[in-house]
Each structure stands twice: as C-alpha cells, then as structure tokens.
Amino acid sequence: MLEIKDLQVCYGSIMALQGVTITVPTGAIVTLIGANGAGKTTVLRAVSGILKATAGAILFNGEEITNHPPHRIVGMGVSQSPEGRMVFANLTVRENLLMGAYLRKDKRHFAADFDYLFNVFPRLKEREKQVAGTLSGGEQQMLAIGRALMSKPKCLMLDEPSLGIAPLLVKTIFSKIVEINKQLSLTVLLVEQNANLALEISSYGYVLETGRIILEAPSAELRKNEKVRGAYLGGA
Amino acid sequence: MTEFIQQLINGLSLGAIYALIALGYTMVYGILRFINFAHGDVYMVGAYMGFYLAPSIMRGFGQKSIASGIVILVAAMAICAALGIVIERLVYRPLRNRPKLTVLITAIGVSLFLENAGQYVFGPDPKAFPDIINDHAIEGLGDLTVTVSQVLVLAVTVALLLLLTWIVKKTKLGMAMRALSFNPVAASLMGINNDVVIAFTFGLGSALAAAAGILFAISYPSIDPLMGILPGLKAFVAAVLGGIGNIPGAALGGVLIGLVETLVVGYSDTIHIPSTYRDAVAFAILILILLFKPTGLLGAADREKV
Ligand SMILES: Nc1ncnc2c1ncn2[C@@H]1O[C@H](COP(=O)(O)OP(=O)(O)O)[C@@H](O)[C@H]1O
Ligand SMILES: [Mg+2]
C-alpha cells in the first residue's frame, strides 16, 4: 500500500535521510523505531509532502505521490498524527475534528464518524465543546489521532503517540490503535522511540539510525534481536 | 452632556471606519505574521471604485436609492477583494519563506506603488465623491446632530462585523483561517490548502477596507490618492492596541482610536492640546501600548512573533 523507496531528504546541506526504504502492506501495522534524531519524523514529513524529497520515490497504492502538495496527499488517503500532537489549541475539540474532515464532501456521514470516535475515545466526547488547549497531553494525543481519522484515511501515520504521556494512558492509546486498525482495516505506520510497545502491536519493524535503515524484520524477531534489545529495549 | 454625547457619536462613526481597516491588518498578521502596509491604500482604491462606479450604478438602480448604495458598496468590496488577492499572489507569495523584514519592506514598496499609481490613474487632485445617499441631520434629537451618514456608517459596520464573525466562527474557511493562524504545518496535514486560505484572508480584509473607503467617502466626500496613508496608519495602531492578530481586538482598537481622536479635537481647549495634533493622538497611543502592554488589550502573550 505505502512504499517508500530509497528516500533522501536534506536540511540545507545536511542529509537527514540517506536512502530509506520502507514498505507498509495493506491492513498491517508497521513500526519505525529509532533513537531521538534518527530521522523518523523526517520520513513522515516527507511522506506527507511537508518536506521535499531530494531523491527516491514514495508510492501509495502504486501511484507516485513524491513531493505532491500536502493537501493532495491527504486527499488520496494518507493522514498523520504529527509529533507533539499539534492540535489546534485555539479551536474546540469538535472544530479540531472538523478540520480533520476538511476535504470530505460527505457531511451527512460526519455524525456517524463522530459517534465512532467518541466510542473509541469517550474522553473526547466529554470535552467536545472545550478548547483543545485545555486538554491534558493524553487527551490531546487522542484528539490528534481522532482528527487524523476524520479524513477517512486508508493509511494512518502516527509520530510518537507515546511522547510525554503517562505510561498507563500510553497502554490505552496503543490498544486503541490496534482496535482502530482492526475495525477500520486501516493501514498504520507507527513511529516510536518506545520500541517495546511498538514492537508488541506491530507485525513488522524497521530500525532507523542516523538516516539509514540498519535492520528490518518481523516485530517478533526484532524483539529477540540482541542489538535491538541492547539499544532500544532498555537492555533487558 | 449633550456636547459629550455628540462627541461620542462622532467618535464612534470615525472609529468604525478605523475598525474596518484594522481588521485586515490583524487577519493578515494572524496568518502570516507580517504587517501588510499596503492595506491603507486598498482602502483608497475602494473609495475610488465607488467614485467611478456610482454614476452608472445609480442610473441602473436609482439615484440615491438603497439598492444603489448596496450595489456600489458590494462592487467596490468585490473589486478590492480581487486586488488584495492579486497583490498576495504576485508579490507576497513568492516571498513567503523569506525573512520577515524582506516582506515588510516589500509591503512598503507595494504601498508606494499604489499611491503613485493612484495619482497617475485617478489624478493627483482631490475629487468630490458623488452623493449616493440623501445625507442630512436626523430631526427630533434636540441639540444633537446625528446625520444619516453617521447612522449608515455604524449600521454597515455592525452588519459587516457580524458577517465576519459568522465567517470566522462558523464556516469551514473561517475555521481553516484560525487553524492556519495557530499552526500552518498542522493545517496542511488536515488537507487544508494554505495558499487558498491565505488568499481568502487577503480578499476578506481588502473587502472590509473597501467598505471603509466607501463609508468614509459618504461621510467626508473628498477623496484623493493619498487618503489611505493616515487612516491606514491609525488603523494599524488600532490593531496593535486591540492585540495584533486578535479580531475583536482590532474592532475595539479602531473604535477607541476614533473616540480618543474625536474627544481630543472636541475638547482641545479644555485639555490644552491643539486640535491640529489630532493625528498625533494615535501615535502617542501606539508608543504607550508598546511601552506598557505590547500584547495589546485583547492579545495573547504568545503572539510576539514579528
Ligand atoms: N528543521 C530542521 N532543520 C535542520 N535539521 C533538522 C530539522 N529537523 C530535524 N533536523 C535534523 O534531522 C535529523 C533527524 O531529525 P528527526 O527526523 O526529527 O528525528 P527523529 O524524529 O527520529 O527524532 C536530526 O539530526 C535533526 O537534528
Ligand atoms: Mg521525531
């Protein structure tokens, strides 16, 4: 479904990604793990069209989307919950979700989608009329995911949904990700520093180190891999 | 007391015009974090559009009829909206990722261009704005002098403010404006085409400036190509006073500047400030805000990103 081929991205003269290849099959949860600064966010930003690829290709359902404008990529069915959540703090929860549905023309289906989301994240229902800036970090993360879902994506990319959130809530959010993946048969590309949990819920994983994929394997194997255990799973 | 109420009414109708212009400054600042110094000149173009269109529109819709008034207003607003969109597209968009100072200096260039092109195209001499309404003092108010044009200025301003509030609060594009002003990257991740929203914002602000130009010309029927400079600067001060980037703030700031200016002129003998200093009032206010409350009356603290 989503194919990233030999992707290169530069910030000025610094090459942040030096040929990254990742494949996300339809319906799967694939994870991209790596330390802070490895280039994970850069990958997602390039897929979303916010950063320009200097070389390589990004294909979605076989169609090339490399360097398309962000709104076209969302329109094709690839959305993302960005690092740091980036909810619109000046808008209400409901308005944030409506912004997620910005490109959709089928207004009459919104009510059902709101129902679905509020069922998955009841906290959002309670806070519906509240300004998003007043939400806790965990609630904002739910909102960011919900907002990305409101575009009815075929492929959802999540950038560190565990960042800065209480461990208990992280568990809940990850179980919701699995739930959504199953119920909507949604393809998920999950970027995480929290490799433990990410490898638990994904079927396949990639390890990114300073702009290169150094390892890839089914998640169960990665969890047993010595190197991964040492560097990303707290050495246990 | 009558005297004071009279001054308030005069100040309010002047302030309404500043408020309409100030909204354009503040909306553009809200999404692009820069001051469009050419905005006052769009107000001037609005007045001239009214000047040129009025005769033929009044032939079609009736001399001094309400219909004519509305058509003149809407036509000038539409033309200036297009002008604002063209300016953004041709001048500001290519500079979108350049340093703010570059864009600011360019805006001053656009302003000078419009002022000089105005002198060339419209002629440098003041022109008498045609009578598009039956302006006279409303009877039965005792010693108060309230003119039809004053009432009209206030009524149109209130109507436009309500319309703007509805657009910003309730429509999809208005919501996108607010989203974009908070975080442009997140906005584009929603599928919002930021270019469209930015163009829309310029169009909206320019249309309001055109409305201000028409309303001014109805009240003070002499227009010239440099008429936008001072009201433009005062409206900019109004936007800063209200809290730049804050829409209700711009409206409030405009009204306050209009009121203070009128009161200073009206009571110049009592307070020993010569009425010829009227234009200095706004700038004195600007210095005071920058010293004591740089975020403005309604501005949030996190908005100092010039
Ligand atoms: N806007 C930027 N300008 C310059 N360098 C950047 C920018 N954003 C990220 N980088 C650099 O690119 C590398 C990858 O960053 P990033 O993709 O954010 O990593 P990750 O998400 O894995 O933590 C880092 O070395 C970072 O310093
Ligand atoms: Mg990151």
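Keeping to segment A:37-65, report how many residues are touching a strand residue (DSSP E or B) at 6+ places or on another chain (Cβ under 9 Å), of a type in the set (D, E, K, R) and either within 18 Å of A:R104 (Cα to Cα) or more than 14 Å from chain B (Cβ to nearest Cβ) (or both).
Residues flagged as touching a strand residue (DSSP E or B) at 6+ places or on another chain (Cβ under 9 Å), of a type in the set (D, E, K, R) and either within 18 Å of A:R104 (Cα to Cα) or more than 14 Å from chain B (Cβ to nearest Cβ) (or both) within segment A:37-65 amount to 2.
Does A:G39 satisfy the criteria of being surrounded by fewer than 19 Cβ atoms within 10 Å (Cβ to Cβ), within 19 Å of A:S81 (Cα to Cα) and either at pLDDT 95 or above or more than 12 Å from ligand 1 (Cβ to nearest atom) (or both)?
no
For segment A:99-154, name all the residues that are in a helix (DSSP H, G or I), of a type in the set (S, T, N, Q) and surrounded by 18 or more Cβ atoms within 10 Å (Cβ to Cβ).
Within segment A:99-154, A:Q140, A:Q141 meet the criteria.
Can you pull out the residues in segment A:43-65 that are within 16 Å of ligand 1 (Cβ to nearest atom), closer than 20 Å to B:L189 by Cα, without any contact (Cβ under 8 Å) to a residue 60 or more places away in the chain and not in a strand (DSSP E or B)?
A:R45, A:A46, A:G49, A:I50, A:L51, A:K52, A:A53
For segment A:182-205, enumerate the residues that are within 12 Å of ligand 1 (Cβ to nearest atom) and buried (at least 23 other Cβ atoms within 10 Å of the Cβ).
Result: A:V191, A:E192.
Take segment A:194-235 and flag every residue that is part of a loop (DSSP other than H, G, I, E, B) and closer than 21 Å to A:L163 by Cα.
A:N194, A:S202, A:T210, A:G211, A:L233, A:G234, A:G235
Any residue at all in segment A:163-180 that is within 12 Å of chain B (Cβ to nearest Cβ) and closer than 19 Å to A:L2 by Cβ?
No; the residues of segment A:163-180 include none that is within 12 Å of chain B (Cβ to nearest Cβ) and closer than 19 Å to A:L2 by Cβ.
Which residues, counting only those in segment A:1-36, are outside any strand (DSSP E or B) and in contact (Cβ under 8 Å) with a residue 12 or more places away in the chain?
Selection gives A:M1, A:P25, A:T26, A:G27, A:A28, A:A35, A:N36.
Residues of segment A:155-182 being free of Cβ contacts under 8 Å to residues at least 60 places away in the same chain, farther than 18 Å from A:L97 by Cα and part of a helix (DSSP H, G or I), which ones?
A:P167, A:L168, A:L169, A:V170, A:K171, A:T172, A:F174, A:S175, A:E179, A:K182
Tell me yes or no: at least one residue of segment B:128-136 is part of a helix (DSSP H, G or I) and more than 14 Å from every other protein chain (Cβ to nearest Cβ).
There is no residue in segment B:128-136 that is part of a helix (DSSP H, G or I) and more than 14 Å from every other protein chain (Cβ to nearest Cβ).
Could you say which residue among A:A53, A:A57 is in contact with a Lys or Arg (Cβ under 6 Å, 6 or more places away or on another chain), more than 16 Å from ligand 2 (Cβ to nearest atom) and either among the aromatic types (F, W, Y) or farther than 20 Å from A:V188 by Cβ (or both)?
A:A57
Please identify the pairs in which a residue from segment B:21-34 that is in contact (Cβ under 8 Å) with a residue 40 or more places away in the chain has its Cβ atom under 7 Å from the Cβ atom of a residue that is hydroxyl-bearing (S, T, Y), counting only partners at least 6 apart or on another chain.
B:I21/B:Y43; B:G24/B:S206; B:M27/B:T201; B:V28/B:T201; B:G30/B:S181; B:I31/B:S181; B:I31/B:T201
Counting only residues that are within 11 Å of chain B (Cβ to nearest Cβ) and part of a loop (DSSP other than H, G, I, E, B), which one in segment A:66-83 is surrounded by the fewest Cβ atoms within 10 Å (Cβ to Cβ)?
Only one residue tops the list, namely A:P69.
It is to be established whether one or more residues within segment A:158-181 are aliphatic (A, V, I, L, M), in contact with a Ser or Thr (Cβ under 8 Å, 6 or more places away or on another chain) and more than 16 Å from ligand 1 (Cβ to nearest atom).
yes
Looking at segment A:4-15, is at least one residue within 30 Å of A:A132 (Cβ to Cβ), within 16 Å of ligand 1 (Cβ to nearest atom) and away from chain B (no Cβ under 11 Å)?
Scanning segment A:4-15 turns up at least one residue that is within 30 Å of A:A132 (Cβ to Cβ), within 16 Å of ligand 1 (Cβ to nearest atom) and away from chain B (no Cβ under 11 Å).
Quick check on my filter: what residues within segment A:136-149 are of a type in the set (A, V, I, L, M, F, W, C), within 14 Å of another protein chain (Cβ to nearest Cβ) and in contact with a Lys or Arg (Cβ under 8 Å, 6 or more places away or on another chain)?
A:L143, A:A144, A:I145
Are there any helices (runs of 4 or more DSSP H) wholly within segment B:155-271 with 3 or more residues that are more than 14 Å from chain A (Cβ to nearest Cβ) and in contact (Cβ under 8 Å) with a residue 12 or more places away in the chain, and if so which?
B:194-219, B:229-242, B:247-266
The values are calculated or read from the model by the stated rules, or taken from the named source; none is laboratory data. Not measured: the values here are computed from a predicted model. Neighbour counts are summed over all protein chains in view; Cβ atoms, including those assigned to glycine, are modelled from backbone coordinates with ideal geometry.
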